1. Using a label point 7 angstrom from Cα along Cα-to-C-beta, what distances in nm, from shortest up, separate B:GLU13 from the other copies?
2. For the Cα atoms of chain C, what angle does the longest principal axis make with the long axis of helix C:189-209, in degrees from 0 to 90, nearest 10?
3. Angle between the Cα long axis of helix D:8-24 and the longest principal axis of chain D, 0 to 90 degrees, nearest 10?
4. In nm to one decimal, list the spacings between the C:GLU55 label point and its equivalents in the other copies, with label points set 7 Å along Cα to Cβ, shortest first.
5. Can you give the net charge of the other residues whose Cβ lies under 12 Å from the Cβ of C:VAL146, counting K and R as +1 and D and E as -1?
6. Can you tell me the dipole magnitude for the protein assembly as shown around its Cα centre, using point charges on the Cβ only (Lys, Arg +1; Asp, Glu -1), in Debye to the nearest 20?
7. Classify the protein assembly as shown as rounded, prolate or oblate from the Cα gyration tensor: take a ≥ b ≥ c as the square roots of its eigenvalues, call it rounded if a/c is under 1.5, otherwise prolate when a/b beats b/c and oblate if not.
8. Starting from the amide H of C:ILE147, placed 1.01 Å from N in the peptide plane, find each other amide H under 5 Å away whose residue is 5 or more places distant or on another chain.
Number of protein chains: 4
Amino acid sequence: MSKRSASIKGQAELLCRLLRLFYDKDWVSGTGGGICAAKDSKTVLMAPTGVHKEEVKPSDLFIVDRSSGAIVRPPKNRALTVSECNPIFCTIMNRRGAGSVMHSHALSSVLAADLAGKHDDLIIEGLEMLKGVRGVSNQAKHAVPVIQNTPRERELLDQIRLMLENSAYAESFCILVRNHGAYIWGEDLWEAKRHAEIYHFLFEAVVARAGQNPNPG
Amino acid sequence: MSKRSASIKGQAELLCRLLRLFYDKDWVSGTGGGICAAKDSKTVLMAPTGVHKEEVKPSDLFIVDRSSGAIVRPPKNRALTVSECNPIFCTIMNRRGAGSVMHSHALSSVLAADLAGKHDDLIIEGLEMLKGVRGVSNQAKHAVPVIQNTPRERELLDQIRLMLENSAYAESFCILVRNHGAYIWGEDLWEAKRHAEIYHFLFEAVVARAGQNPNPG
Amino acid sequence: MSKRSASIKGQAELLCRLLRLFYDKDWVSGTGGGICAAKDSKTVLMAPTGVHKEEVKPSDLFIVDRSSGAIVRPPKNRALTVSECNPIFCTIMNRRGAGSVMHSHALSSVLAADLAGKHDDLIIEGLEMLKGVRGVSNQAKHAVPVIQNTPRERELLDQIRLMLENSAYAESFCILVRNHGAYIWGEDLWEAKRHAEIYHFLFEAVVARAGQNPNPG
Amino acid sequence: MSKRSASIKGQAELLCRLLRLFYDKDWVSGTGGGICAAKDSKTVLMAPTGVHKEEVKPSDLFIVDRSSGAIVRPPKNRALTVSECNPIFCTIMNRRGAGSVMHSHALSSVLAADLAGKHDDLIIEGLEMLKGVRGVSNQAKHAVPVIQNTPRERELLDQIRLMLENSAYAESFCILVRNHGAYIWGEDLWEAKRHAEIYHFLFEAVVARAGQNPNPG
């Protein structure tokens, strides 16, 4: 299913369907979290900020220029504002060649980041589900970078750039943000969904093994 | 979506839809919990008491005078009685300018109140989701007042008035009731929903971090 | 909703709908658990044994004589066998005037029974949701009897009779069975549903407060 | 329901419906896990690998020769590859006379295997739900074999053969794989579903009783 070609309309509908799925999993509750997906090589479909994510319709999506983050076409509803993750989403897409990025506010991602303590990353190992991350084996010690939270979402950008440039994290499709959540990406919406499901499983597993409660939805 | 204007019929349907959502989240099980929403500046739509909340239809709702709590129009089904929360709902709406109040019986709210011990409040901090509470930053030490439970719901009113008047809790859109649950409000049904999702996330987070089980639905 | 009159067809459909609901809550998984409801003053609708409970249709139900437990009318599908709980269901209906009894295999009921240790009952207190049990206040020390499991379901009957006769448990609408589950009843299907939701909430609460994991569905 | 005869079309539709159910239970997330079912005495319906399991349609299924594992008929979509579990599925079907095998990636199965430590099996006892395993009583000390994970799925085959031949595990319809998941089977899709629900309940129960978190959801 990862390789199915999708029309732009299908792409927008799939993006909204995944938002509803993520809401049902408690990853984007309380209007938190978000998602974007490449519309074509130059532009990106992006959800609005501050809205109930499970209510987002294709006509609510922004089209954003992938290199600059500029809004190419806003939705008809002018009360909507583009996701605060806009610069982060574009940076991850450009530097990692990602076709879709999702932003999770799952409690399991917060508790997993807690486990990193003061370290720059969380090492995950001893789990078959690691194989669900593209290129990773179940024998890996998989390092997921963990950054500090900031008052505004866009202020995370400098730390995110550093982590994306750090060769120690070349295999990771995820960045954890302390007290906040995670950014997870893939080559398209379907791989972003798979990676989101894999990483949330890994978060829940390491938290459960550490004796804490991962509180999955 | 928070700013969409809703017809009265739409308002009643949205209120019932949110009750079904809250039921699915285990916040209003066993006929517990409730919700109200302003119909106009003078009257309020209110769910009945003692019924399975996920079964409530628009035609089951009471219309109540906002300042006095008097029933302006009962539903056709005369076996129904208005929510026991009526005086509490009206008090919160009038003193805080709220357009909607929900009452949760979630286990996570009971366990979060447990964490307050004998203190008058629960301090929540170090969580991005605090930004989902209107006016609150993720750097805040957010104080949520916690009151004692009473044999009858209406006997909570004196403690609730005191908490609403207490300037230490001016930023809170939530009052926790020990061994019982929480009252959570917003400017309209959509903000009440957002605040409900945010506060329940915060309850689950503080309980998980304290090593207890937040009992997700 | 508790007092709505239901046609026999409506009664059978409601019974099956509640089985699907209980399945979704993980109370009757793996073909475990069950439910019955009075058809009239002399007969009872009862689900078959050994089938996937969420798949049961009205035409799969048995009609059983309430006083003797004899099958008055089997379903057309002659491969079906009546619930093994038949004698227990009839005993509870007759001795407590119940109109409906449900049998839960929820993990939270097993873990709650664990908390009773070697005692004959589990005392539940300090929870508003106690008010959801008919006649019980939130100030009560509510005693729920706990019996030993037996190799066959029908062998539970002697212990159940003793508990139903014990005045210490006159206020309980629930009997816990160690390592097994719970029987929960009410005046009709709607009250049995309310009591089931209330008692499962109470089980999860006491287990969470004891530091164990209630593992709700 | 276990004995209902199903047309081949009905069989394929049921297999896909169970994949969606297992996905909703978090047993086959992130494209992990799988299922197969006998089409007739010589061939087997098998899901593809590396796809989102809840999206699988009857037309995506492979038909595989039961004794050799050779593909008899691939699906029209030639981008699909047969499940990596193919040799394991066929071996279990042939050696145990199973009509269906499911492969779970549930966190509860990983945590249950953790409990076995270095032992070759996990002993489960003191739970009524043991009766949901064909031929097992609630008085049993039920031994579920636990094997080591390997880099590739097919490398599990030698250990699985040994466990299937080991008379100590003749009563088990499940093999746990450390850090990975479980294989669970039955005489047909309905019994495989029942056994899957039973074993996952047992995993969650032993994990909860050991004080760990079984990750419901």
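Bear in mind these aren't lab numbers, they're just calculated from the coordinates by the rules spelled out. Keep in mind that this is a model prediction, so the values were computed, not measured. For neighbour counting, all protein chains shown are included, and Cβ atoms are generated from backbone atoms with ideal geometry for every residue, glycine included.
1. The answer, with the shortest distance listed first, is 2.2, 2.2, 3.1 nm.
2. Approximately 30 degrees, to the nearest 10.
3. 40 degrees
4. In nanometres, ordered from closest: 2.8, 2.8, 4.0.
5. Numbers: positive: C:LYS118, C:ARG178; negative: C:ASP114, C:ASP120, C:ASP121.
Within the 12 Å Cβ shell, the charges total -1.
6. Numbers: 108 positive and 96 negative charges, 499 e Å.
Here the size comes out at about 2400 debye.
7. Working: a/c = 1.58, a/b = 1.00, b/c = 1.58.
Because a/c hits 1.5 or more and a/b fails to exceed b/c, the protein assembly as shown counts as oblate.
8. Result for C:ILE147 returns C:LEU176, C:VAL177, C:ARG178.
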